[in-house]
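Written out below as structure tokens is the structure these notes cover.
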Amino acid sequence: MIDTLPDSPSNVPVFSVGELSQAVKRTIEGTFERVRVRGEISGFKRHSSGHLYLSLKDDQAVLAAVCWRGSAARLSIQPEDGMEVICVGRLTTYPGQSKYQLIIDQMELAGEGALLKLLEERRRKLAAEGLFAAERKRALPYLPRVIGVVTSPTGAVIRDILHRLADRFPRHVLVWPVAVQGETSAAQVAAAIRGFNALPEGGAVPRPDVLIVARGGGSLEDLWGFNEEIVVRAVAESGIPVISAVGHETDTTLIDFAADRRAPTPTAAAEMAVPVRAELELAVRNADLRLLQALNRGLADRRKYLDALARALGDPQTLLGTATQRLDVAGERLGNGIAAYLRQRRADTAARAARLTHPRQLLQAKGRDLAAQGRALDQAMTAALHRQQARQERIAARLRPQLISAELRDVGERLRRASLDLHNCTGRRVQNAADRLAAQGRLLESFSFKKVLERGFVLVRDADDRPVMAAAATESGQAVSLEFKDGKITAVVGATAAPKRAAVKALKPTQGSLL
């Protein structure tokens with residue numbers, strides 16, 4: 001509401017704070033409805049609600065900015081402090097703090113230098129994870145049945161690929177249409193690669209044997225979707241070999257490092273995917289011709305070998321003639337042998353018939369034979385009985401008590417001599433051990449300090465009964481003990497000499513004073 005005071009010195013209207021704030025808001029938003037602002041990000045903060053708060057600054061001013069959660073999810077880059085960006089949005093005011101701010105709808109890196117810096121940092125990060133390792137790359141199939149192509153269905157790229165495949169070797173091609181530029185391109189390309197990998201073997205839609213990810217040339221900003229991390233990871237995780245054909249030969253994207261093969265152009269990718277059909281047919285024909293020639297050479301060599309064997313075998317008629325002659329001779333001999341055998345059988349039969357005419361003579365001869373066999377059997381049994389009796393007598397002779405007693409006496413004598421030898425040997429070993437022990441004892445005794453005492457020396461000990469090895473180890477007034485060969489006395493270091501000499505003389509007049 002606008003009020004005019006009657007006693008005001010001018011006609012300037014009076015606004016409330018809220019009215020003035022709304023008027024300024026409408027003015028700014030109407031004037032700067034759509035702006036592009038370039039600056040460096042500072043004070044970046046991601047709120048728990050998903051909104052982004054930051055400031056854009058340069059060497060002259062600072063502009064507050066905010067990106068709502070819905071727009072933040074669609075940003076093509078992840079904002080960071082120190083990043084130089086170009087933001088697209090609208091300018092508005094925040095009446096609560098009496099300031100103006102930029103509502104960001106889009107954000108992109110400012111300049112190719114910033115893009116290259118971000119690209120290099122991302123490349124190092126993914127390389128450190130091993131996504132670009134050479135051992136991860138797989139060989140392409142020689143002749144794939146199905147080829148999957150991830151590209152825009154309306155561009156010249158797909159037509160070049162299809163035309164090249166038709167010229168070289170027509171194959172079944174599946175095209176997954178995606179956007180190859182813009183904010184949504186990275187997500188669509190990654191989804192297409194994962195979609196092809198998700199196709200089951202033997203399903204209604206055939207699963208490709210190789211994938212081609214293709215796009216025409218463009219600037220670094222145009223190709224940026226193929227540098228996104230989501231696309232690189234999808235290519236690295238693909239179970240189907242991937243050929244990268246993004247841009248021209250001089251263009252390099254991160255997908256080129258993760259792919260199994262990199263093609264300089266989409267047309268070159270089609271050439272990598274399939275061989276030339278005419279060349280393959282020519283190679284097959286050449287292989288057939290070489291196989292036929294090898295077979296002909298093999299048959300010719302074997303024919304020559306058989307001819308050589310045939311010449312080495314000689315004339316078959318001569319070999320068969322000799323065998324035929326031997327067969328005739330053998331047949332004649334066989335006939336003569338059969339005739340002689342029949343004549344002999346007839347003669348034997350006649351002789352047996354003649355013998356049967358005299359049965360009494362035959363019975364007498366048979367009886368004589370049986371009597372002779374009985375006598376021979378009786379003689380054999382008598383001889384065996386005699387041999388058994390002789391063997392028993394020899395065994396009985398060896399078992400006589402006198403022989404056993406003599407054997408026992410011999411064994412006892414040998415046992416007594418062995419016991420005596422054992423006793424003597426044990427005694428000698430014990431005596432030898434005792435002698436060695438005595439020698440060791442005498443040697444040990446010779447090293448004893450008591451032998452030294454017997455030669456006139458004295459052992460000095462301190463109050464703890466430890467030997468005193470040097471004069472520096474004593475001090476005046478210290479009590480010590482003196483050990484002689486025949487006893488011990490006590491003394492004090494540094495005391496008057498006369499009483500000590502008297503005490504020493506009273507004990508052993510020949511010793512003298514030690515102090």
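List of remarks:
- Filter on 117/137; 25/99; 25/57 - keep pairs with C-alpha separation over 18 Å: 117/137; 25/57
- Which label in (1) 29.8, 91; (2) 24.8, 79; (3) 63.4, 195 gives the computed Rg and Dmax of the Cα atoms in Å: (3)
- Each peptide in 123-135, 245-257 was scored by the mean count of other Cβ atoms within 10 Å over its residues; highest first, the order is 245-257, 123-135.
- Sorted by Cβ density within 10 Å, fewest first, the residues 68, 224, 176: 68, 176, 224
- Counting every alpha-carbon pair across the range 148-196, the share separated by more than 13 Å comes to 56%.
- Ranked by the mean number of other Cβ atoms within 10 Å per residue, highest first, peptides 440-447, 275-282 order as 275-282, 440-447.
- Axis angle, to the nearest 10 degrees, between helix 277-313 and the longest C-alpha principal axis of the chain: 20 degrees.
- Taking the longest Cα principal axis of the chain as reference, the axis of helix 156-168 is set at about 40 degrees.
- Of all aspartates and glutamates in the structure, those lying under 17 Å Cα to Cα from residue 485, and not within fewer than 8 positions of it along the same chain, are 445, 454, 465.
- FRET E, pair residue 97, residue 14, Förster distance 22 Å, beta-carbon r, rounded to 0.05: 0.40
- Hydrodynamic radius of the range 123-265 per Kirkwood, over alpha carbon pairs, in Å: 15.2
- Of all DSSP beta bridges confined to the chain, the antiparallel ones make up roughly 65%.
- Cα centroid separation, the range 159-198 to the range 214-285 (Å): 10
- The value of relative contact order for the chain, using C-alpha pairs under 8 Å at least six residues apart, is 7 percent.
- Dipole of the chain, positive direction: furthest Cα of 254, 227, 490, with charges on the beta-carbon: 490
- Degrees separating the helix 401-446 axis from the principal Cα axis of the chain, which is the longest one: 50
- Net lengthening on full extension, residue 312/residue 409 (0.36 nm per residue, minus Cα-Cα): 26.0 nm
- Each other residue within a Cβ distance under 15 Å of residue 51 adds +1 if Lys or Arg and -1 if Asp or Glu, for a net charge of +3.
- Computed over neighbours whose Cβ is under 15 Å from that of residue 166, the net charge equals +2, Lys and Arg +1, Asp and Glu -1.
- The chain: calculated mean residue ellipticity at 222 nm from DSSP helix runs of at least 4, using -39500 (n - 2.57): -17500 deg cm²/dmol
- Assigned charges on the beta-carbon of Lys, Arg, Asp, Glu; the chain dipole about Cα centre (debye): 6260
Values in this text are rule-based calculations from the coordinates and carry no lab data. Small disclaimer: the values here were computed from a predicted structure and weren't measured. Ideal geometry is used to build each Cβ from the backbone, glycine not excepted, and the neighbour counts take in all protein chains shown.
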